[in-house]
1. Among the listed pairs B:132/B:156; B:32/B:98; A:98/B:37; A:98/A:158; A:98/B:239; A:268/B:98, which are separated by more than 31 Å between their Cα atoms?
2. With springs only between Cα atoms under 10 Å, which of B:262, B:196, B:182 fluctuates most in a Gaussian network model of chain B?
3. With a 1.4 Å probe and every protein chain left in place, tell me how much accessible area residue A:312 has, in Å² to the nearest 10.
4. Please list, in order along segment A:296-309, the HN-Hα scalar couplings obtained from phi with the Karplus expression 6.51 cos²θ - 1.76 cosθ + 1.60 (θ = phi - 60°), rounded to whole Hz, x for Gly and Pro.
5. Excluding residue A:80 itself, what net charge comes from residues whose Cβ is under 14 Å from its Cβ, given Lys and Arg +1 and Asp and Glu -1?
6. Could you sort B:95-104, B:240-249 so that the peptide with the highest average Cβ count within 10 Å comes first and the rest follow in order?
7. Just to verify a number: FRET efficiency for residue A:180 and residue B:96, C-beta to C-beta distance, R0 = 35 Å, to 0.05?
8. Once you've got the GNM for chain B with C-alpha springs shorter than 10 Å, pick whichever of B:174, B:38, B:155 has the biggest mean-square fluctuation.
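The values are calculated or read from the model by the stated rules, or taken from the named source; none is laboratory data. These numbers were taken from a predicted model, which means no experiment stands behind them. Neighbour counts run over all protein chains shown; Cβ positions are idealised from the backbone, glycine included. Ligands, DNA and RNA are stripped out before the accessible areas are found, and what is left, the full protein with its side chains, is counted by its heavy atoms. Shrake-Rupley method; radii C 1.70, N 1.55, O 1.52, S 1.80 Å.
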Amino acid sequence: MSDLDKAIAQLRACRPIPENQVKELCHKARELLLEEGNVVGVNAPVTICGDIHGQFHDLMELFRVGGDVPDTNYLFMGDFVDRGFYSLESFLLLLCLKVRYPDRITLIRGNHESRQITTVYGFYDECLRKYGSANVWRHCCEVFDYLALGALVTGASKNLESSETSYTDAGTQSSIEDQDIEIEILNSNSEVINRFPRSSRDSQLPPKSSPLSSPILDTPSRIGPVGTGATSSSGGSRSNDGGAVLCVHGGLSPLIDTIDKIRLLDRKQEVPHEGAMCDLLWSDPDEIDGWGLSPRGAGFLFGSDIVKCFNHKNDLSLIARAHQLVMEGFKEMFDNSIVTVWSAPNYCYRCGNVAAILELAEDGSNGGYIPRSNGDLGRKQEMERDLRKRDPPGRRYRVFEAAPQDSRGMPAKKPVADYFL
Amino acid sequence: MASANGSFNGPADTPLPVKDEATNSVTQAGFKITTQKLPILKAGPIEEMTDRLKITPPEMIFGDNCVRIEHPATGWSIDFNAFDALDRVDKTGDAMLKVSYSKEWQQNRQKQFEDIKEVVKPFDWSYSTDFKGTVTSPNGSTFEPSETLIPLALLKRPDPILFFDDVMLYEDELADNGIAMLSCKVRVMPARMLLLSRFFMRLDDVIFRIRDTRVFIEFETGEVIREYTSREEKYDVVKQKLAMTREDIPAIMRDANRLTQLIEISDGTLERMIVK
């Protein structure tokens, strides 16, 4: 077992690794991240995750639900640290996995991956408490400066493939129905909670029936993690390309109208208080027209038209972002052109929210040809041909709850009576 | 599941916790004290609340939580819940604070984006409230201004606590610029009870606010004393005071109890009524 594998095993047990190992790990990680562009190219299949916030045991639950690294290809959209009690173990484990399996895990920067924010919201104090000095915090912050600002997922399938398509004859009615599933929501036991076919979305509300009474659920409902072997056999001439998905922590910036402009930023610095890099990590979508200013006096809000215009101009079918707590774990907005993914269940150990991860399946319809991994080549030409709104890829959301309370030595839920005045 | 604006949310069908399990209650000397604790609201109820409030609710909104004191014999009650508290937050934007780096941010923005001017839905996003509880009093009796203080000596006695709860009503991280929270504690002893509803807000490098409402009831006499105090101090002033100590400053800056010792009361009211 290599030192790295030993470190991974130790961190998986939620035990910090010695300071000298952290230093070495951070050094390796920096070398690796330095090679990545500001926008990392990622091929589907991939599982996209939102904020973690130091909730180590819930990160373990995420890996249980979504599949382990390197079996599952992961993309984490930042905010690994702060708020939770185990920022250190969570971030170092992700970093170890990155160094060990660089092509199977992508980490991009969140607004909490910053010196200033971590000194206020917990990570700095945690490092100080666990090591007695700020050295480890300093090493980690240097890694933060090298994290990519975004990722571009290509090669995602337009339609979700249920496991049953692999043994159902491709010509039958049911398999066409299966192939037309746009959104599928699974619980942590891989049981389908809900499914939405692509065609019905715009025409009418999906039936609000209980999962058990839904007729589509007569089909086998246990489905393994995507990307575990099945390739599509979608026949015919219909394209099964789900378009490209841009992943960023916060959102868009008025300074950025093309993905290439993100690529030109100088990212290797502390997150600035203003400018494009700041906006990508901080901004939020809102039900407004165009751009707006946050009432807080700093930060942009962007409306549906901004997202649709950006997606069209950059030939994107979807933007995936994190940054905002959503009670159901994910929230699609603006006619499915942007989604917020939140992966910290029972946030801050008291919100009672569920978490979600978003799985995009691989589009195997082009005979296994994978577009080049780090860029845009060939995407532009396709845009010329198709000026309509791109259909987003099939989305499989796995929704999960917090890891059991007793596994983490958390304070009791029942408040202790005190003689407050 | 698709809402009118075309947004699509997660499984609204997940079963809600049974409300009975989330409710705790005790009746002592004719007063019934009830608390309810549930997870934060889901997208649907948040949309409804937004429509009714006309402002965006805090990020963590425990809209189903409440603390209620009732006197069934007279029908009197006082309620503490998130909606009523948020309804008292300034909705005009007149009392709006700005984050510490706002000036720097604005100056830079104005150079580049003169056309982006509109502040989206201005309101007091620090969710500062002077909520003192919602009173229902069928016989028309009301709180009157009073000089009678809450008898601290009686509350300092180690009487057995028959019922205790601590209920969060809302919390917001102010987009990583600090914290705003409203919570409600209650303890019931054999002869009297105390409720403390506390709004605590820290806007990093700008300001601290602590607004407390205490409701004291002496069961024997039916005397209800309600005290409201407001504390406010600049961040730098508090930081200066803490600089002399050797304590864990970030921890104290999260601890409203400790901060009350450092920040003077700037405003307040004292009221009294008899519920019998």
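1. B:32/B:98; A:98/B:37; A:98/B:239, as the Cα separations exceed 31 Å there.
2. Greatest mean-square fluctuation among the candidates belongs to B:262.
3. Counting only protein heavy atoms, the figure is 80 Å².
4. Per-residue couplings from phi come out as 6, x, 7, x, 9, 10, 10, x, 4, 5, 5, 5, 5, 5 Hz.
5. -4
6. B:95-104, B:240-249
7. For residue A:180 and residue B:96, the calculated efficiency is 0.15.
8. In the Gaussian network model the winner is B:155.
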